Every structure is written in structure tokens, then in C-alpha cells.
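So the structure is just underneath, and the comments pick up after that.
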Number of protein chains: 2
Amino acid sequence: MNYRMIAYLLGYVLLLIGAFLLLPVIVALIYGEGDLLSLLLTAVICAALGGMMMLLKPKRDRTMHARDGFVMVSLSWIFISLLGALPFWLNGAIPSYLDAVFETVSGFTTTGASILTHVEAMPHGLLFWRSFTHWLGGMGVLVFMLAVVPLSGESIYLLKAESPGPSVSKMVPKMRTTAKILYGIYFAMTLLQIFAYQLGDLCGWGDISLFDSVCLAFGSAGTGGFSVRSTGLAEYSSYVQTVTTVGMIMFGVNFSVYFFLICRKFRLVRQNTELKYYLAIILGAVALITANLMLTGGYFTDVRNAVHHVSFSVGSIITTTGYGTVDFSTWPELSRAVLVLLMICGACAGSTGGGLKVSRVVILVKTARSELQHLLHPHSVEVMKMDGKRVDRDVIRGTSAYLIFYILIAVVSIVLVSLDNFGTETSVTSVLATLNNIGPGTSIIIGPFGGYSGFSALSKVVMILDMLFGRLELFPMLILFRPSTWRKH
Amino acid sequence: MNYRMIAYLLGYVLLLIGAFLLLPVIVALIYGEGDLLSLLLTAVICAALGGMMMLLKPKRDRTMHARDGFVMVSLSWIFISLLGALPFWLNGAIPSYLDAVFETVSGFTTTGASILTHVEAMPHGLLFWRSFTHWLGGMGVLVFMLAVVPLSGESIYLLKAESPGPSVSKMVPKMRTTAKILYGIYFAMTLLQIFAYQLGDLCGWGDISLFDSVCLAFGSAGTGGFSVRSTGLAEYSSYVQTVTTVGMIMFGVNFSVYFFLICRKFRLVRQNTELKYYLAIILGAVALITANLMLTGGYFTDVRNAVHHVSFSVGSIITTTGYGTVDFSTWPELSRAVLVLLMICGACAGSTGGGLKVSRVVILVKTARSELQHLLHPHSVEVMKMDGKRVDRDVIRGTSAYLIFYILIAVVSIVLVSLDNFGTETSVTSVLATLNNIGPGTSIIIGPFGGYSGFSALSKVVMILDMLFGRLELFPMLILFRPSTWRKH
């Protein structure tokens, strides 16, 4: 293990977090609500610690192997979570440090699960930092670092370890350029959403302050789900809700699709297998749940209104954002079952969304189907295709392994959380909601407007780990915790 | 498709069922409770129909391909279920034919899920038939046919399709001899259990009639779970319960282990990977649940008593029998979560138990672990071993596909059953209990003493299919229902 190189890069990440903390510092200066000191102090701590670690920069051996890359990514996410939690705790807005870490991990991993019961009581600087963690975590802190720091060729491991999806497609040959393009699209789309909110405010389609616009846009862009109100998005106008629906669904699309659009490579967009399934699943789920709600009765009287709220909920859950306009925990069982499935399915690979990812689900179903064929015709060789190209055997094997680890981690977590005795549905959905980086579960206790504050410390630790496992797509964290990683070779 | 050959073999199976029905006919003659006619009539129908179908015996082309074998197995299980349900319906003991089919499928697939609320009201002949379906279905009707009918070499497909587990090990080179050995061991062990019950009755360790002994032994041997009392095994003495515990766990072991014991090949028994895991899981689960119950308080005051009932429940659930001595649906959440996991895990391959099978779980975990290794060292080649031998690549791929199909079928079933709005826990556990051939779920509605009569017709059809999917290990039924199976090539 190249410890010096890992420490050096970790230091760089902390330095960046220190710099990013200056944004909420500015917000705290504007509002003057007593959160300035805690934010500034944390920025200084990050910068100092980061600077010291950067002194460890190795003089000769700068090579990084796959293992080093995975360990570095896991460690940096743990470090930024532990340090990013400081402002909430130092300020006293969240009295328990464990709760503060839970909230910060939930932010960076774009989960959006909150232990807060009264969001409005928090100072604006801290609220801004809370939503900003979504934005940073959505595209990834290390991807940002790759965009600004010139690193050697091995940096592909970092991108691989932090980017969602079964395979990483470099858009352009140079890693640094790819990272820059990703952040460029991300930044522009976020600005567009803020602009859409403000346009509505100007035209009288629904009041929303600039602060709220920025925070909600951060939450949608990172598909996080932290709101600035305890009632989620229920109190905003239907224009604001519609903008958010469109925003969430757009941020759940693989960013390479937008890159192809910019480059006018429309053929590649049309060929994108995952995009077709993603949109088909959304449309199918909206139709099914709307029908279920209208036929059951007692939920919506007007179909248009039903479609509006169901689209929002489906978009919110499949992209693993977790915003809510209505309390879907009271919906009939079929609708809730569909929402849980969307939770697990998740958004597209290469997006900011969580979950298994649509492409993984597609690969798994195709794997199973081709195995059935193989059973009947043992000598036939079938080629699996995605986006018109042959899928690599390693990707297929890796996807099966991903599913198995996913199940194992979920199972162990559910067993541990069930010690709280909150009921099976709560245990299962809270684990799925954190592992898939959704936030709100579909149970009564942790519906879209419920909090996670009631869980025991053990359950909170389990869920913190689940959020990190989910955001980093299992393997980096598995490698970090595997004893043989730390054995001398 | 070789339709004539399939029809011929199907006819043979029906003829066998007609012959087997003579046993409950004798019981009905002894007790004289008015169920004689319905049983006799069904036997005649089976024999007549079977005889007619056997006339289709092909003169020349007797070859069977894999597809023919899978289709034949699925069809024969559907046929014997539809015909085996007749006695219950004709007699009027189960007024609805759908319910009668549910009960019979539950019997043959060794599920043990019952729509009866008052078992004691049923005549003894029908009760015997109900338990006898467990015994026949446990080892398999087609395996029996293989033992008595001389068939050509392609009969391996039939054994493959009906025998549980990721790979079929022929104990001896000749298929027919293997089938004979399997049924020989099965018969002897069932007799042993009946003898143990009767010994206890003689020595005054607990009253149990010969009829009850036979039925309970059938239920344990097939790991089915139908009892002859509404209260399961709660009313029997603790000696009877202990005999049943040991019996269930023994029938959950791969039968080749017993064959090796008979042949004095002790090295092969010691090398059996699955057996070690199976016993370790049972011991671990008993320890965990006992600790959970004793620490929670309010369940057992005496550790010995707790271990007695927990061992029974764990043995009953992991072997997918489903007998109950206590109502574990009231146990704390951790214990119930462990039971659900045991349900899914299931017993050993090559036993009469259901579930995923311990060896599949072991292969899946090993697959995932080797993939993690592959991620770090892409050029390393790891060999997976079971029982000291290398696992075939096809088995590994097939096991991953099995897991994916298993999840897909469970998901679709849960969504359909959730239309009944009985609560998520009930929908999930009832689907898992039928798909894994357990019987009782762990929910409040369908605890070990609850029935399945309350579900809608749609849910019952879904569960009937789930039971067949589970017993035949997915692939035969998938191939039967795949449209391309029926397309002309």
C-alpha cells in the first residue's frame, strides 16, 4: 500500500472541503444567525489538517494500484463526513456528534435521510452547507479533484471507484477533461434549475426565495433530498413541484447522454439502452400507481392532480432523491410495493442517482435469460448487447457479484436494525432507503416527512455505513473493511 | 417437441398416482367416514386417463431433448395436482376446487400451506392422502418413475429437472439404480421415524396413534408440514416434538451423505462442504434466537425449554417443513428476521427440503468473494472448490441466474399479492413461504397455526404457481411458460 500517496491525496481532498466551506461562510455572513464561527472554524481545521497531510507527498513512488485507489476513495469519504459534521455539532444545532455525522453522511451520499425534526430552526449558513453537501457528493468530491489536479494515469481507479454504474465510459481520452466536462454539465444544469425556480417567482407562478431555489436545486442535482422545510416540498406551489420533478428525472440520466447531445451525436443518444428502460419504467410506474390510487378511492378526486403528485413521487424515488409532496406511506400496498421496487432499481449509471442502477438491472435480467437459453442449448454462445455494443464478460460477472454483495449487506443491516423492534416494514425500508441513498422510507415511521432520530445508536451507525456502501457502490468500502487488504504482502 | 413421448410419460405418471391412491382407499375402508367413493373414483379417473395417454407411446422416435424433459416435468406436476385435488373436492371436504388445488399443490410441493381452518373435521382417508402427497412430492414422483420404469439415457433430464440443488450427482453410473437407492434410503428413514414415534407411545413418553405417526412422518420426510391437528405439533408431547426435530433436520441433509455412510465412505462425508455449513447455520440460529428470546423476556423462563422450542422452529423453517410448536409470529423482530433468512436459505441440495439450498448460498458468497479478488488482481485466476472438488463454471453461472430469476419471481408475486392489502409483511412472507415451500409465514395472519383461506383467488393462483416454481427449482416452469418453447423451430 502506498500510504504516503494516499495521505497526500486525502490532504488535497480536505483542503478542497476547506475551500468549499467558504461558500456557507458567506451565507452565514449575510444572514448573521450565529453559525459563522462554527463554519469558519471547520474550514480552518480542514485546511490545516489537509495542508499537513499534503506534506507527506511521496518524492519517488507515486504509483497507485487498484487497492490503493479503492482505499483512498473510501477513506476520503469517511474523512469528509467526520469533518463536515463539525459545523452542525460545534454550533449546537445538532447536539449529538453521531447525529451530526449521520446528517453529513446523508448529505454527501445524497441520501437525504434526516435526523432533524424541525428543519426551519437551523441557521441559514448551516442549511446551505447541508444542501451543498448533496451537490458536492452527487458528482463526487474526487471527480472534482480530478478536474483540478493534474494526476498520473492511475487516476482512472479513483473515477472508477467513485462513479456510479457497472462500467465507466471515458467521454474523452483524457481523464481530467472528462471530469471537467462532467462538472461543467452538472454546474450548468443546476444553474438552469435555479433559473427556472426564479422565473416562476418573477412571473407569479409560485413564491420561492433565491435561498430556497439554490438549496432545492442542490438537492435535486445531487438527487439528495434535503429540503429547507419540515414538510418537504408540500408547501411549495405546483409550478415549483413540477420544475423539481423534471429536474430530478433529468439528473437521473447518464451524463454522457448530455455530452452526446452537446456534441450532436444523436445516434448515440437514440442507441442508449438504459435511457429507454429508465423512461419506460418511469412512465409505467406512474400509470400503475395512478390507476391504483384512482381505483382505490379516497386519495385523489382529480386525475390531473393524481398524475402530478404520482409523477413527483415516482421521479423522487427512482432517482433516489426522496423529496415528498404527499405522504405516500398512506398509499395502498400495491403502490408502496412499486415504490420500494423503484427504490431498489434506482436511476441510470453515470448519473447522480443511487440504487442498483437501471443498467445493472437490465444486465442481470439479460444474464438470467441467456442462462435459460444455455440450459436448453449448452453449446450455443450468446452475446449480450447494450447500447448496440457487446457487454464485456467482466462487467457481467461483476454485476452478479454486485447483486450478491448488495443482498448480503442489506440482510446483515436489516438483522442489526431489527434489534430496535420498530416493525419489519420500518427495518427493511429504512435499510433500503439508506443503502440505495433515497432517504425517506415508505413505512409509517419514516415516511417522506418523518425523521431518523428515533433509531438507536447502533442502527444509526449501520445506516451511516449503508449510505457509504451505497454511494460508493459497495466495492471500495468492502475492500477497505476486508482484513486481507491490511495484511502485509 | 416430442409430444407423443411427453404424453406417454405423463400417462405413466398418472397411472402411478392412480396406484398410489389405493393406499388412502385402504385407510378410508378402515375408518369408514364416507371418503371412500371420492378416493376410489379419482383413482379410476387417473388410471383411465393415464392408460389412454400411454397408448400414444411413440413407435420410433423416443429421443427426448432437454426442453422436452423440462416441459414433461412441469406438466406432470400440474397434472397430478389438478387430479390429486379431486378427492377433497368430490367429497366436499374442501368445497372450492381452487382451494382443493391449492391444498394439493401445497402437499406435492411439500409446502404445507393450508387453506383448512379445522383439520380435525376431515375424514381419515383424505387426511392420509393429504400427508401422503408430501411424501410422494418430497423425493419426487418422477424419481419414483425412474426407479421402476426402464428408460433410455436421456432420463437424466427428468432427474435434473426434479431434483433440488445446483448440480445432480449420480451416485452410481446407472440412473435407475440411483433412483432406487434414493427411494430406498427415503423409505427406510421414514419407517425409522414412525418406529421412533411408536416406541415413545409404547414407553409412555407421549401418546401418539399409528395414524398420526405415519402422517407426521410423511410430513417430516417430505419436509412438508401438513399436520393432522389445527394446532400443528403444539399438543403433542415433547418427546414427539424432539423426534420430529431430529427427523426434519435429517431429511434436510443431502441424501448422498447417507449413501456414503452406507458405503462406509466416511472421507466423502467429512469433505461435504454443504453439510458443515448446514449444521453450523442451524447451531448459530438456535443460539442467536434463544439468546434474543431469553434477553427480551416474556417468552421462556427456562433455557432448556427455550432451546427445545427454538430448535424445533429453526429445524422446521430451515428444512422448509413448517411445523410449529409455538407461535413464533409473536417473537421479537430479530428472531423473526433470522427465521425469514433461514426460510430463504433452505436445506441442503439433494434433500427433500426447499429454499435456495445451502450449497447455492455458499456458491453465491464464494462467487462474490472471488469477484472482489478479481477486481484487485484482474489477471489472477481463482478456482472455486466445493467438497474438495473444483466447481464447474456452468454451475456458477447457473447459480447466479437462479438468484436473479428467484428475485424476479418473488418481486412479481409480491406485487400481485399486495393487491389484497393485507400488509407488507403478510404479502412478503406469504410469497416467500410458498416460493420456498415452507408453508407458514412469520406474519401475524399466517403464523404457524394460521391458514391461507383468506387470500383472494388471484393471490391463491399466484401462490400455487410459486409453490410449483419453488419445488421444481424455477427452470422447468420458466421453460414451460416461455413463449419461444412453443414456437415451431
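Yes or no, residue by residue, for (1) modelled with pLDDT under 85; (2) open to solvent by 40 Å² or more (accessible area, probe 1.4 Å); (3) among the polar types (S, T, N, Q):
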| site | (1), (2), (3) |
| --- | --- |
| B:GLY140 | no, no, no |
| B:GLU154 | yes, yes, no |
| B:LEU158 | yes, no, no |
| B:ALA161 | yes, no, no |
| B:LYS170 | yes, yes, no |
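Screening B:PHE128 against (1) open to solvent by 10 Å² or more (accessible area, probe 1.4 Å); (2) modelled with pLDDT under 95 leaves a single unmet condition, (2).
Look through the range B:179-190, keep the residues that are open to solvent by 50 Å² or more (accessible area, probe 1.4 Å) and free of Cβ contacts under 8 Å to residues at least 24 places away in the same chain, and return whichever of them is farthest from the chain's Cα centre (by Cα). Among residues in the range B:179-190 that are open to solvent by 50 Å² or more (accessible area, probe 1.4 Å) and free of Cβ contacts under 8 Å to residues at least 24 places away in the same chain, the one farthest from the chain's Cα centre (by Cα) is B:ALA188.
Scanning the range B:349-407 for residues that are over 22 Å from the mean Cα position of the chain (by Cα) and at positive phi, we see that the one that is nearest to the other protein chains (Cβ to nearest Cβ) is B:ASP387. Among the conditions (1) in a loop (DSSP other than H, G, I, E, B); (2) open to solvent by less than 30 Å² (accessible area, probe 1.4 Å), A:VAL383 misses just one, which is (2). The residue pairs whose first member lies in the range A:38-50 and is at pLDDT 95 or above, whose second member is among the β-branched types (Val, Ile, Thr), and whose beta carbons are closer than 6 Å, counting only pairs six or more residues apart or on different chains, are A:LEU39/A:VAL25; A:LEU40/A:VAL25; A:CYS46/A:ILE17.
Whenever a residue of the range A:15-36 is open to solvent by 30 Å² or more (accessible area, probe 1.4 Å), its partners that are in a loop (DSSP other than H, G, I, E, B), lying with C-beta atoms within less than 6 angstrom and at least six residues away or across chains, give the pairs A:GLU33/A:PRO123.
Cβ-Cβ distances below 9 Å connect the following pairs, each with a first residue in the range A:191-202 that is without any contact (Cβ under 8 Å) to a residue 40 or more places away in the chain, a second residue that is open to solvent by less than 30 Å² (accessible area, probe 1.4 Å) and not in a helix (DSSP H, G or I), and a separation of six or more residues or different chains: A:GLN198/A:ILE208; A:ASP201/A:ILE208.
I'm checking my understanding of the structure. Among residues of the range B:408-419 that are more than 22 Å from the chain's Cα centre (by Cα) and facing another protein chain (nearest Cβ under 8 Å), which one is nearest to B:GLN271 (Cα to Cα)? By that ranking, first place goes to B:VAL415.
Across the range B:421-434, not a single residue is classified as at pLDDT 90 or above, within 11 Å of chain A (Cβ to nearest Cβ) and more than 19 Å from B:LEU341 (Cβ to Cβ).
The residues of the range A:453-472 that are within 14 Å of another protein chain (Cβ to nearest Cβ) and open to solvent by less than 10 Å² (accessible area, probe 1.4 Å), listed by number, are A:SER459, A:LEU472. Summed over the range A:409-420, the residues that are within 16 Å of A:TYR452 (Cβ to Cβ) and either of a type in the set (A, V, I, L, M, F, W, C) or free of Cβ contacts under 8 Å to residues at least 40 places away in the same chain (or both) give a count of 6.
From the residues in the range A:295-317 that are in contact with a helix residue (DSSP H, G or I) (Cβ under 7 Å, 6 or more places away or on another chain) and either open to solvent by 10 Å² or more (accessible area, probe 1.4 Å) or over 20 Å from A:ALA234 (Cβ atoms) (or both), which one is farthest from the other protein chains (Cβ to nearest Cβ)? Checking each candidate, the answer is A:HIS308.
Residues that are open to solvent by 10 Å² or more (accessible area, probe 1.4 Å) and within 13 Å of A:VAL13 (Cβ to Cβ) within the range A:58-105 comprise A:LEU75, A:ILE78, A:PHE79, A:LEU82, A:LEU83, listed in sequence order. Considering the range A:239-260, and only residues there that are touching a helix residue (DSSP H, G or I) at 6+ places or on another chain (Cβ under 6 Å) and among the hydroxyl-bearing types (Ser, Thr, Tyr), the residue that is surrounded by the fewest Cβ atoms within 10 Å (Cβ to Cβ) turns out to be A:TYR239.
Here is a check on your reading of the model: is A:VAL411 open to solvent by 40 Å² or more (accessible area, probe 1.4 Å), part of a loop (DSSP other than H, G, I, E, B) and either β-branched (Val, Ile, Thr) or at positive phi (or both)?
No.
If the condition is being farther than 30 Å from B:ILE396 by Cβ and assigned to a helix (DSSP H, G or I), then the range A:414-442 contributes A:VAL417, A:SER418, A:LEU419, A:ASP420, A:THR424, A:GLU425, A:THR426, A:SER427, A:THR429, A:SER430, A:ALA433, A:THR434.
The values are calculated or read from the model by the stated rules, or taken from the named source; none is laboratory data. None of the values given here were measured: they were computed from a predicted structure. So basically every Cβ, Gly included, is an ideal-geometry build from the backbone, and we count neighbours across all protein chains shown. Ligands, DNA and RNA are excluded from the accessible area calculation, which covers all protein heavy atoms including side chains. Shrake-Rupley method; radii C 1.70, N 1.55, O 1.52, S 1.80 Å.
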